[in-house]
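Enquirer: Have a look at the structure that comes next, please.
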Amino acid sequence: MPTAKRALTATLVRRGGERLLFDCGEGTQRQLLRSDVGLLELEEIFLTHYHADHYLGLPGMLKTFALRGREVPLTIYGPRGLGDLLGTLRRIFGRLTYPVAHVELEAGARLERDGYALVEAARPGRFDVDEAARLGVPDGPERGLLQRGEPVTLIDGRVVAPDDVLGPARAGRKVVLSGDTAAAASVVEAAAGADLLVHEATFLADERERARETSHCTAGEAALVAREAGVKLLALTHVSTRYFGHEVVEEASQLFPATVVPRDFDLVTIPFPERGEPELVRSGARTKRAQLGSLES
C-alpha cells in the first residue's frame, strides 16, 4: 500500500540516453514529474506481473501522453495475459494519439532490449595509443574504427586488426529486477554476478509463514539469494508498510552486508567495474527544487 512518504512499485533504469520503466504502480507519473527525470515519452515499459499495485498507474500515464499529443510509438512487455489486461484497461484510457504495441514474454525470453535482467555486452579493451603509433595508425577515424572492433587498411596496404591495439575485453554492467517472488533458484541463476539485484522483501522473518503462503519473500531470504548469486549490491523493495526500512536492512545485512532499502527518489549509480562499486545516493533523483524545499522545510 502507498504511504504518505512512499509510493507504489516503479523502477526506472537509466543508461546513456535510454530510459526503461519496470512496473507502473499507482501514482508513477506524478513521481516522475517530481523527479529530475520528468514525464518523458518512454518508449518501452516492462511489467513483471499483474498484481494491481504494479500496473494501476499505467492507464493514467497512457492517457496523459495522449493529452500531450504524443505520436511516438510505445511498446509494453509482460508475461502471458498482457493482451487481455490492456484490452480491459482500454475502457479506461480510451483512444490514444500514438500506437501501443504489446509483447507477451515466456520465461527465459531474450530481447535485443535485454529484458528484465539487463546485461551490457562486453566493451572493447583499452586502446593502446603507443602501439597504434608504432604501427603507423594515424590520429583520426582509423583509430575510432579500431576501437569499435573494425580493422583498418593503412596507406602502405598493411591491415591493422583491433586485437593489435586493444587490450582484453572489459565486462559490461548487469542489473536484475525480480518482481514479486518467493526465494527462487531461477532468480539466483539470472542474478549471477550482477552489479545490482533489485529484489522484493515484503516480510521479515517473523512473518515467514505468511511469506510462504503468498509466494513473497522475507528480507533474510532475499539476502540469501543475493549471497548465492554473488551480486555486488542488493536493493530491497516492495516492503510491507508494517516495517521500517532500517528493520529490513538489519535483518538482511546479517546475511548479506551490502544491502540497502531505497526510498522514493533514491538513486543507485552503477559505474563500470573498473571505476568502482554500485552506490546508493539518497534523494539522488529528486529535482533541485524539491531538494531545496526539503532543506528549507
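Enquirer: Restricting to the range 152-181, and then to whatever is assigned to a loop (DSSP other than H, G, I, E, B) and either open to solvent by 40 Å² or more (accessible area, probe 1.4 Å) or modelled with pLDDT of 95 or more (or both), can you tell me which residue is farthest from P138 (Cα to Cα)? Step through it out loud before you land on a result.
Expert: Step one: list which residues in the range 152-181 are assigned to a loop (DSSP other than H, G, I, E, B), which gives 154-158, 161, 167-169, 171-173, 178-181.
Among the residues that remain, those that are also either open to solvent by 40 Å² or more (accessible area, probe 1.4 Å) or modelled with pLDDT of 95 or more (or both) are: 155-158, 168-169, 171, 173.
Details: I155: 10, D156: 12, G157: 14, R158: 13, P168: 22, A169: 23, A171: 28, R173: 32 Å.
Taking the candidates together, the pick is R173.
Enquirer: Among the candidates G125, G57, G81, single out the residue that is at pLDDT 95 or above, farther than 16 Å from Q29 by Cβ and among the small types (G, A, S). Walk me through how you get there before you give the answer.
Expert: Details: G125 fails: at pLDDT 95 or above; G57 fails: farther than 16 Å from Q29 by Cβ.
Matching residue, one of G125, G57, G81: G81.
Enquirer: Keeping to the range 12-30, report how many residues are open to solvent by less than 40 Å² (accessible area, probe 1.4 Å) and either touching a Ser or Thr at 6+ places or on another chain (Cβ under 6 Å) or not in a loop (DSSP other than H, G, I, E, B) (or both). Talk me through it step by step, then tell me what you get.
Expert: Of all residues in the range 12-30, those open to solvent by less than 40 Å² (accessible area, probe 1.4 Å) come to 13, 20-25, 27-28.
Subset that is either touching a Ser or Thr at 6+ places or on another chain (Cβ under 6 Å) or not in a loop (DSSP other than H, G, I, E, B) (or both): 13, 20-23, 25, 28.
Here the count works out to 7.
Enquirer: Is it fair to say L40 is open to solvent by less than 40 Å² (accessible area, probe 1.4 Å) and either over 24 Å from R90 (Cβ atoms) or touching a strand residue (DSSP E or B) at 6+ places or on another chain (Cβ under 8 Å) (or both)?
Expert: Details: open to solvent by less than 40 Å² (accessible area, probe 1.4 Å): no; either over 24 Å from R90 (Cβ atoms) or touching a strand residue (DSSP E or B) at 6+ places or on another chain (Cβ under 8 Å) (or both): yes.
Judged against the criteria, L40 is not a match.
Enquirer: Determine whether L74 is surrounded by 13 or more Cβ atoms within 10 Å (Cβ to Cβ), modelled with pLDDT of 95 or more, out of contact with any Ser or Thr (no Cβ under 7 Å at 6 or more places or on another chain) and farther than 27 Å from K174 by Cβ.
Expert: Values: surrounded by 13 or more Cβ atoms within 10 Å (Cβ to Cβ): yes; modelled with pLDDT of 95 or more: yes; out of contact with any Ser or Thr (no Cβ under 7 Å at 6 or more places or on another chain): yes; farther than 27 Å from K174 by Cβ: no.
No; evaluated as a whole, the condition is false for this residue.
Enquirer: Moving to a separate point now. Give the range 244-265 a look and list any residue that's under 25 Å from R34 (Cα atoms), part of a loop (DSSP other than H, G, I, E, B) and open to solvent by less than 30 Å² (accessible area, probe 1.4 Å), or say none.
Expert: Keep residues of the range 244-265 that are under 25 Å from R34 (Cα atoms), which gives 244-246, 260-265.
From what is left, the residues that are part of a loop (DSSP other than H, G, I, E, B) are 244, 261-265.
If the condition is that a residue be under 25 Å from R34 (Cα atoms), part of a loop (DSSP other than H, G, I, E, B) and open to solvent by less than 30 Å² (accessible area, probe 1.4 Å), then V261, P262, F265 are the ones that fit.
Enquirer: Can you tell me how many residues in the range 12-23 are under 15 Å from I270 (Cα atoms), touching a residue at least 24 places away in the same chain (Cβ under 8 Å) and of a type outside the set (K, R)?
Expert: The number of residues fulfilling the criteria is 2.
Enquirer: Further, regarding this structure: Search the range 179-199 for residues being in contact (Cβ under 8 Å) with a residue 40 or more places away in the chain and in contact with a helix residue (DSSP H, G or I) (Cβ under 7 Å, 6 or more places away or on another chain), and hand back the single one that is nearest to V231 (Cα to Cα).
Expert: The residue in question is A194.
Residues are listed down the side, and each one gets a yes or a no for (1) open to solvent by less than 50 Å² (accessible area, probe 1.4 Å); (2) touching a residue at least 24 places away in the same chain (Cβ under 8 Å); (3) farther than 30 Å from F46 by Cα; (4) among the hydrophobic types (A, V, I, L, M, F, W, C):
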{"residue": "L89", "(1), (2), (3), (4)": "yes, yes, no, yes"}
{"residue": "T97", "(1), (2), (3), (4)": "no, yes, no, no"}
{"residue": "R110", "(1), (2), (3), (4)": "no, no, no, no"}
{"residue": "D128", "(1), (2), (3), (4)": "no, yes, yes, no"}
{"residue": "P141", "(1), (2), (3), (4)": "no, no, yes, no"}
{"residue": "G144", "(1), (2), (3), (4)": "yes, no, yes, no"}
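The values are calculated or read from the model by the stated rules, or taken from the named source; none is laboratory data. Predicted model only: the values in this text are computed from it and were never measured. We place every Cβ from the backbone using ideal geometry, glycine too, and count neighbours over all the protein chains shown. SASA here: full protein model, heavy atoms, side chains in, ligands and nucleic acids out. Shrake-Rupley method; radii C 1.70, N 1.55, O 1.52, S 1.80 Å.
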